[in-house]
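All remarks here apply to the structure that follows.
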Amino acid sequence: MSAGILIVNLAVLAAVLAADLGTREITWRRVVRPLVVAVVAIAIFVKSPQTGGHGLVLEIGGLGVGLALGTIGSLRLMRIRRDDNGGHPISIAGVSYAAFWVVVIGARLVFTYGANHWYTHPLGQWLATNRITVNGLTDALILLAIGMVLARVVRFARVLHHAGHLPQPPRLHRHPSESRHAV
């Protein structure tokens, strides 16, 4: 595995964790920035997208798996609510969210390492039998990562679009001027 692949994967992991871990306000910047990065990543790393056959199916499958994983990660492992100061939407992600991303990125790195060192010949035979190029396989892995990020972005965009429908934070005490019987 090249140092470039390792660096890109670790950079994606670091960027996602830095942007999401803990309690963070959801802003349009958290929607637009990953979209720009995704477009740039596709332009740089997707060398020769497959336009038909099994290669195209693999690339679409990679994107689909990425969207599914990103949806699972953002819906199941990240909470969204309003903050206590002004009701702005916030995301809350903890150790389970970080572990999820580490496992997925780690699995991609292990697969890439294995493709170059452990099962090069069988993988090459499978690619040849199915008429899929190595670039098609690489593109599918890149699209998997982009799909994960896009699923998170879609969730944030929906939250911002429907910000008026988020649950309010619990009120712990009342102001003395508020009546208990006010309607």
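The numbers here are math on the coordinates, done by the rules we state, and not lab data. Bear in mind the structure is a predicted one, so any value in this text is a computation, not a measurement. No Cβ is skipped: glycine too gets one built from the backbone with ideal geometry, and neighbour counts run over all protein chains shown.
Being part of a helix (DSSP H, G or I) and farther than 26 Å from residue 82 by Cα, is that true of even one residue in the range 15-34?
no
Pick out the one residue from 5, 42 that is of a type in the set (A, V, I, L, M, F, W, C), under 27 Å from residue 95 (Cα atoms) and in a helix (DSSP H, G or I).
Just a single option satisfies the conditions, and that option is 5.
For the range 124-148, enumerate the residues that are surrounded by 12 or more Cβ atoms within 10 Å (Cβ to Cβ) and without any contact (Cβ under 8 Å) to a residue 12 or more places away in the chain.
Passing the criteria: 124, 126, 127, 134.
Would you pick out the residues in the range 44-86 that are over 18 Å from the mean Cα position of the chain (by Cα) and hydrophobic (A, V, I, L, M, F, W, C)?
Narrowing the range 44-86 to residues over 18 Å from the mean Cα position of the chain (by Cα): 44, 47-58, 81-86.
Matches in the range 44-86: 44, 56, 57, 58.
Find all pairs meeting these conditions: Cβ atoms under 6 angstrom apart; at least six residues apart or on different chains; first residue within the range 66-81 and at negative phi; second residue crowded, with 18+ Cβ neighbours inside 10 Å and aromatic (Phe, Trp, Tyr).
Filtered contacts from the range 66-81: 73/100; 77/97; 77/100; 78/97.
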